[in-house]
Amino acid sequence: MIKIEHLVKNYGSNCAVDDISFSVESGEIVGFLGPNGAGKSTTMNILTGYLSGTSGKVSIDGIDILADPLGAKKLIGYLPEQPPLYLDMTVDEYLNFAYDLKGCKLPRAEHLAEVCEVVKITDVRKRVIRNLSKGYKQRVGIAQALVGNPKVIIFDEPTIGLDPKQIIEIRNLIRTLGKGHTVILSTHILQEVQAVCDRIVIINKGKIVADELTENISRAVENNRRFNVKICGPSREVLSAIKSMSGIVYAEALAERDGDAYTYMIESDYGVDVRKKLFYTMAERGWAIIGLEALGMSLEDIFITVVDKSAEDKIRQSKPTRRRSGGKDALEKQVAEAMVQEGAQKRAIADATEIEDEE
Amino acid sequence: MLAIYKKEMRSYFINPIGYVFAGVFFIISALLCCYTTIVSSSYDTSTYFMLMIFAFVILIPLLTMRLFAEERKLRTEQLLMTAPVSITSMVMGKFLAALTLFGSSLLVSCINFIPIYAFASIERGSESYNTTHIGPVTGQVIGCLVGILLIGAAFIAIGTFISALTENQLAAAVITISVILGMVLLSFLNTLIDNYVIRFVIDWFSVLSRFNTFSYGLFDFSALLYYLSLTFVFLFLTVRVYEKRRWG
């Protein structure tokens with residue numbers, strides 16, 4: 001349905017999108033995940049024909065977006081990061097305008113009523129957009145994308161700035177849309193893509209670092225590696241006991257103190273669950289664990305975990321993984337290695353400054 | 001294109017800007033018409049039209065300042081640019097909407113001539129002989145109207161182009177005012193210069209000097225071509241601005 005080949009976008013000397021290739025099948029919901037400034041919005045803007053890539057090819061349902069922009073744009077409904085609303089129009093006027101603009105052929109009244117019903121804005125159709133709440137504005141933006149019943153729907157950060165209840169509603173809506181349309185959505189929240197998407201494409205610094213089915217990513221992410229643990233006992237001895245355990249990569253006593261309990265931050269090896277072992281080790285020595293808190297994974301952790309996990313899968317299955325485009329392994333490894341090194345460097349710098357401080 | 005045209009027309013009248021434009025247009029045209037003809041007891045309308053061109057310096061930017069600047073600020077241009085509409089038809093839709101409002105205001109302001117014609121017919125009735133023409137020359141009035149419409153179209157195209165360059169409406173308005181003012185004042189520069197060659201060149205560029213032929217009641221094709229090509233060039237540049245932004 002959507003095919004992106006070797007897409008590059010430079011802003012002057014700044015490379016926003018660096019040789020991205022992926023494709024989306026008809027009826028798929030694909031999540032585009034990445035930290036801020038990773039190139040998500042740029043990619044989406046190129047997909048919808050708002051911007052043009054520096055080089056590379058984008059085609060929607062076989063139609064090249066540069067060769068026949070109008071034909072390709074007809075197939076796409078797009079909700080940009082900031083919904084493009086005319087604040088002085090009423091919702092009805094706005095949707096009618098979108099209908100005219102897209103040169104829609106469907107019966108006007110029924111189609112608009114249906115769209116309003118789907119996004120639940122029927123009761124505000126006569127109101128001026130300026131006076132609507134943020135959640136309703138977002139929904140009007142989604143309604144606009146749905147007008148004309150396009151085959152492909154693209155959402156750029158659809159749940160940003162919404163309250164938790166609205167977020168859940170929008171996610172449910174997207175999942176419903178996925179039944180009849182091809183959907184791409186971008187976000188920097190992992191839970192969001194996990195909840196909604198069939199497939200996740202992770203992008204960082206303009207490059208694709210992972211392209212996996214959601215279940216694989218979820219599996220990789222389940223094994224949380226970093227914990228804050230609160231243990232009663234002499235801090236030096238506890239720390240050395242923790243460090244001597246196998247599977248622990250990093251441990252550190254935090255300044256926090258609660259009676260005779262200290263808080264330690266520990267980081268386990270990839271794919272190793274150290275919690276049980278930690279409990280028994282501490283119990284043996286008579287130190288009570290009074291708190292254990294999993295720390296959220298940063299996107300960087302997820303990249304590393306996912307890349308690591310997929311390499312593991314490959315060895316175990318000893319057959320090609322489900323990844324769509326081959327020849328990316330080397331790149332992924334490279335990126336992962338760079339990230340690990342970067343982390344190590346940061347840590348080294350932090351340690352160095354600490355030592356200096358002590359002196 | 002029709003969708004954008006309709007939307008622009010509607011937004012002129014949802015916002016106060018359309019009413020402000022029409023109101024100020026009618027007031028200025030009525031006052032100018034009154035003072036240049038009835039008060040100064042003259043049937044010659046060419047001064048009126050000449051002064052109207054100066055009024056456009058303020059009036060046209062009101063029409064054009066928000067055309068693209070507002071879209072860009074509200075990010076609604078993303079909707080237009082990702083819709084199956086070409087950039088050319090987007091620009092034309094907006095330009096034609098502004099031109100329609102301008103043209104219809106101009107048409108309505110023609111009621112200013114009714115009292116002049118009425119005076120003329122009374123005066124004609126009281127005269128016993130019909131050898132001289134009394135009253136405004138209708139051919140000249142129509143020629144001036146066509147000329148002024150063409151000048152308006154050229155100014156609107158300039159304003160449209162400037163609006164596409166910025167996302168600040170006020171900046172767009174101020175720049176448009178100064179550009180149009182400069183173009184209008186260019187012909188006054190002529191009186192200060194002795195060199196014939198320079199005068200000829202300035203005369204060639206001047207908006208007003210071409211209008212003179214219209215005010216004699218002559219229909220000048222080279223002037224028509226001049227105004228139309230001015231309009232075309234600036235609309236073309238507006239399209240290029242948007243093309244360029246896509247690739248930027």
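B:LYS6 label point, 7 Å along Cα→Cβ, cut-off 20 Å on backbone N: hits in the range A:118-156?
Those under the cut-off are A:125-129, A:141, A:143-150.
Considering amide H positions built from the backbone, and no H for Pro or chain starts, which residues 5 or more places from A:VAL209, or on another chain, come under 5 Å of its amide H?
Those lying under 5 Å, H to H, from A:VAL209 are A:ILE202, A:ILE203, A:ASN204.
List, in order, the whole-Hz ³J(HN,Hα) value for each residue of the range A:115-121 obtained from phi through the Karplus relation with A = 6.51, B = -1.76, C = 1.60 and θ = phi - 60°; use x for Gly and Pro.
4, 4, 5, 4, 9, 6, 10
Need one value: the accessible area of B:SER105 in square angstrom, 1.4 angstrom probe, rounded to the nearest 10.
10
Take the Cα coordinates of the protein assembly as shown, assign each an equal point scatterer, and use the Debye formula without solvent to give log10 I(q)/I(0) at q = 0.07, 0.09 Å⁻¹.
-0.63, -0.86
Would you mind checking A:LYS102/A:LYS134; A:LYS3/B:LYS244; A:LYS134/B:LYS73 for any pair whose Cα atoms are more than 21 angstrom apart?
Table pairs above 21 Å Cα-Cα are A:LYS102/A:LYS134; A:LYS3/B:LYS244.
Mind ranking B:PHE54, B:PHE13, B:PHE25, B:PHE236 by accessible surface for me, highest first, 1.4 Å probe?
Heavy-atom accessible area, descending, gives B:PHE236, B:PHE13, B:PHE54, B:PHE25.
Residue by residue through the range B:34-41, what is 3J(HN,Hα) from phi via Karplus (6.51 cos²θ - 1.76 cosθ + 1.60, θ = phi - 60°)? Round to whole Hz and write x for glycine and proline.
Listing the rounded values in order: 4, 6, 7, 10, 5, 5, 8, 6 Hz.
Using the alpha-carbon atoms, what tilt in degrees (0 to 90, nearest 10) does helix B:16-33 show relative to the longest principal axis of chain B?
Relative to chain B, helix B:16-33 is tipped by roughly 20 degrees.
Obtain the nm distance between the two label points defined at B:SER209 and B:ILE134 by a simple spin-label model: each point lies 7 Å from its Cα along the Cα-to-C-beta direction.
4.0
If you restrict to DSSP beta bridges whose two residues both lie in the range A:152-230, what percentage is antiparallel, to the nearest 5?
Roughly 55 percent of the beta bridges in the range A:152-230 run antiparallel, per DSSP.
How large is ³J(HN,Hα), in whole Hz, for each residue of the range B:132-146 in order, when computed from phi with the Karplus curve 6.51 cos²θ - 1.76 cosθ + 1.60 and θ = phi - 60°, using x for Gly and Pro?
9, 7, 10, x, x, 7, 4, x, 5, 4, 5, x, 5, 4, 4
Suppose each label sits 7 Å from its Cα in the direction of the beta carbon; what would the B:LEU31-A:LYS165 distance come out to in nanometres?
Here the modelled spin labels are 5.6 nm apart.
Against the longest principal axis of chain B, how steep is helix B:46-64, in degrees 0 to 90 to the nearest 10, with axes from Cα atoms?
20
Enter the mean number of other protein chain beta carbons within 10 Å of the beta carbon of each residue in A:92-102, as an integer.
Mean partner shielding for this stretch: 5.
Give the interface area between chains B and A as buried accessible surface, both sides summed, probe 1.4 Å, in Å² to the nearest 100.
That pair of chains buries around 2700 Å² in total.
What FRET efficiency, computed as 1/(1 + (r/R0)^6) with R0 = 56 Å and r the Cβ-Cβ distance, is obtained for B:ALA120 and A:ALA113, rounded to the nearest 0.05?
With R0 = 56 Å, the Cβ-Cβ based efficiency is 0.40.
Working with all protein chains in place, sort B:MET92, B:MET1, A:MET265, A:MET282 by solvent-accessible area computed with a 1.4 Å probe, largest first.
Greatest to least solvent exposure: B:MET1, B:MET92, A:MET265, A:MET282.
Mind checking the full-extension length gain between B:TRP247 and B:PHE232? Use 0.36 nm per residue of separation minus the Cα-Cα distance, one decimal, nm.
Working it through step by step, the gained length comes to 3.1 nm.
Would you calculate a helix-derived [θ] at 222 nm for chain B, using -39,500 (n - 2.57) for each DSSP H run of n ≥ 4 and dividing by the full residue count, to the nearest 500?
-26500 deg cm²/dmol
How large a share of the accessible area of the range B:127-248, in percent, is made up of carbon and sulfur atoms when the probe is 1.4 Å and the other protein chains stay in place?
After summing per-atom areas, the C and S share lands at 72 percent.
Between A:SER235 and A:THR54, what length comes free when the chain is fully extended (0.36 nm per residue of separation minus the Cα-Cα distance, one decimal in nm)?
Extending this stretch completely gives an extra 59.5 nm.
Dipole size in debye (nearest 20) for the protein assembly as shown around its Cα centre, Lys and Arg Cβ +1, Asp and Glu Cβ -1?
With Lys and Arg at +1 and Asp and Glu at -1, about 1460 debye.
Would you list B:TYR5, B:TYR117 from the most to the least accessible area, probe 1.4 Å?
I get B:TYR117, B:TYR5, largest accessible area first.
What does the accessible area of A:LYS134 come to, in Å² to the nearest 10, when a probe of 1.4 Å is used?
It works out to around 100 Å².
Shielding by partners for A:80-87, please: the mean number of other protein chain Cβ atoms within 10 Å of each residue's Cβ.
Averaged over the peptide's residues, the number is 5.
So if we plug the beta-carbon distance of A:ALA255 and A:ARG175 into 1/(1 + (r/R0)^6) with R0 = 45 Å, what FRET efficiency do we get, rounded to 0.05?
Approximately 0.55, to the nearest 0.05.
Fully extended, how many nm does the chain gain between A:LEU66 and A:GLU284 (0.36 nm per residue separation, minus their Cα-Cα distance)?
Length difference between fully extended and current span is 71.6 nm.
Between B:TYR216 and A:THR122, take the C-beta separation as r, use R0 = 56 Å, and let me know the FRET efficiency to the nearest 0.05.
Here the calculated transfer efficiency is 0.35.
Provide the solvent-accessible area of B:ARG75, counting protein heavy atoms only and rolling a 1.4 Å probe, rounded to the nearest 10 Å².
B:ARG75 exposes around 110 Å² with every protein chain in place.
With label points built 7 Å along Cα→Cβ from the Cα atoms of B:VAL39 and B:ILE142, find their separation and express it in nm.
3.1
First select every other residue whose beta carbon is under 10 angstrom from the beta carbon of B:ALA97; then total the charges, Lys and Arg +1, Asp and Glu -1.
My count for the surroundings of B:ALA97 gives +3.
The values are calculated or read from the model by the stated rules, or taken from the named source; none is laboratory data. Just so you know, these numbers come straight off a predicted model, no measurement behind them. As a convention, Cβ positions derive from the backbone with ideal geometry for all residues, glycine included, and neighbour counts pool all protein chains shown. Please note that ligands, DNA and RNA were not included when accessible areas were found on the heavy atoms of the full protein model with its side chains. Shrake-Rupley method; radii C 1.70, N 1.55, O 1.52, S 1.80 Å.
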